[in-house]
């Protein structure tokens with residue numbers, strides 16, 4: 001077979017096969033996906049000056065999260081949340097409140113702030 005006898009579709013087919021063969025190597029590397037790592041952390045904040053009190057605990061076994069947090073609410077109660085989260089049930093929380101809400105008997109005037117500077121806004 002001479003070069004004059006080779007048709008255009010045959011050349012196209014040879015080029016296409018060569019391109020496909022070079023795009024897919026013979027050796028494939030295994031793909032390793034990182035396993036979720038277990039962890040644990042907690043923190044606790046008590047700021048008596050500002051009245052900020054909260055804490056949080058969380059742990060994971062690599063498949064699900066388990067945790068809780070507590071927040072001091074402005075009305076004097078504490079809100080405690082225990083939660084779990086995984087890929088099957090999603091986020092599930094159990095919320096509870098401790099203490100009795102205390103509301104002021106007298107509300108003072110509204111707090112306003114005067115703008116300092118130019119009168120742009």
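The values are calculated or read from the model by the stated rules, or taken from the named source; none is laboratory data. Please read these numbers as outputs of a predicted model, since none were measured by experiment. Cβ sites come from the backbone with ideal geometry, for glycine too, and all protein chains shown count toward neighbours.
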Q.
Considering only region 58-65, I want to know if a residue exists there that is more than 17 Å from residue 44 (Cα to Cα), within 18 Å of the chain's Cα centre (by Cα) and assigned to a strand (DSSP E or B).
A. yes
Q.
Can you confirm whether residue 63 is exposed (fewer than 12 other Cβ atoms within 10 Å of the Cβ), in contact (Cβ under 8 Å) with a residue 24 or more places away in the chain and within 24 Å of residue 36 (Cβ to Cβ)?
A. yes
Q | Members of region 87-113 that are closer than 23 Å to residue 63 by Cα and outside any strand (DSSP E or B) | A | 87, 88, 89
Q) Restricting attention to region 66-74, does a residue exist that is surrounded by 11 or more Cβ atoms within 10 Å (Cβ to Cβ), modelled with pLDDT of 75 or more and part of a loop (DSSP other than H, G, I, E, B)? A) yes
Q. Before we move on, is residue 45 in contact with a strand residue (DSSP E or B) (Cβ under 7 Å, 6 or more places away or on another chain), assigned to a strand (DSSP E or B), closer than 24 Å to residue 102 by Cβ and modelled with pLDDT under 95?
A. yes
Q. Out of all the residues in region 99-112, which are exposed (fewer than 10 other Cβ atoms within 10 Å of the Cβ) and free of Cβ contacts under 8 Å to residues at least 24 places away in the same chain?
A. 104, 105, 106, 107, 108, 109, 110, 111, 112
